[in-house]
Amino acid sequence: MKNQKWIVQLGLFLGCAIAMNSCSVSPTANDAEQSLRQQIDSESGGQIKLVSFQKTDGQKFELNGVQGYNMDYEAEIEFQADGTWFKGAQGMSFGFSTQQATPGSMAAFANQAANGQNVHLGDRIKISGVMQGEKKESGWKFELGRR
């Protein structure tokens, strides 16, 4: 009788472990934050720093057997030099030039066309958007998404 109780408990434990293992674990905000930090550093040449990141919402999905996650976020960036931030026309971008255009100049017109914004050392700007994640064997990988 004692052996049967032990076998039943072991079976329940193994069943729960298998059920938990087969469920997809949602990514953490840190997974998306690290991806965004790397993208900002890479695109800006270190001239823009991510100073805060907060997940505001999220949704799991599966497409053709691939597990995914859309994470809405709010963040704040800080500029490490005077220059021009090229935000991108569609979606978020972090291109940066240490050149600033004089208002009314041809360079200012070109910057406006490229969605450029003059910024100064220490300026902080709040940004928000969605990051799209895909579950891989090595963990969750995120990219900036488009709304």
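The values are calculated or read from the model by the stated rules, or taken from the named source; none is laboratory data. None of these values were measured; they are calculated from a predicted model. Don't worry about glycine lacking a Cβ; one is built from the backbone with ideal geometry, like all the others, and counts go over all protein chains shown.
Suppose we filter segment 100-128 for residues that are at pLDDT 85 or above and part of a loop (DSSP other than H, G, I, E, B); how many remain?
4
Can you tell me which condition Glu76 does not meet? The list is (1) buried (at least 16 other Cβ atoms within 10 Å of the Cβ); (2) closer than 22 Å to Asp31 by Cα, and all the others hold.
(1) is the only condition that Glu76 fails.
Out of Met106, Met92, I need the residue that is under 23 Å from Gln38 (Cβ atoms) and aliphatic (A, V, I, L, M). Which one?
Values: Met106 fails: under 23 Å from Gln38 (Cβ atoms).
Result: Met92 is the single residue among Met106, Met92 that is under 23 Å from Gln38 (Cβ atoms) and aliphatic (A, V, I, L, M).
When you scan segment 102-112, do you find a residue that is within 30 Å of Trp140 (Cα to Cα), out of contact with any Gly (no Cβ under 6 Å at 6 or more places or on another chain) and not aromatic (Phe, Trp, Tyr), even just one? Steps first, please.
Initial filter on segment 102-112 (within 30 Å of Trp140 (Cα to Cα)): none.
Checking segment 102-112: not a single residue is within 30 Å of Trp140 (Cα to Cα), out of contact with any Gly (no Cβ under 6 Å at 6 or more places or on another chain) and not aromatic (Phe, Trp, Tyr).
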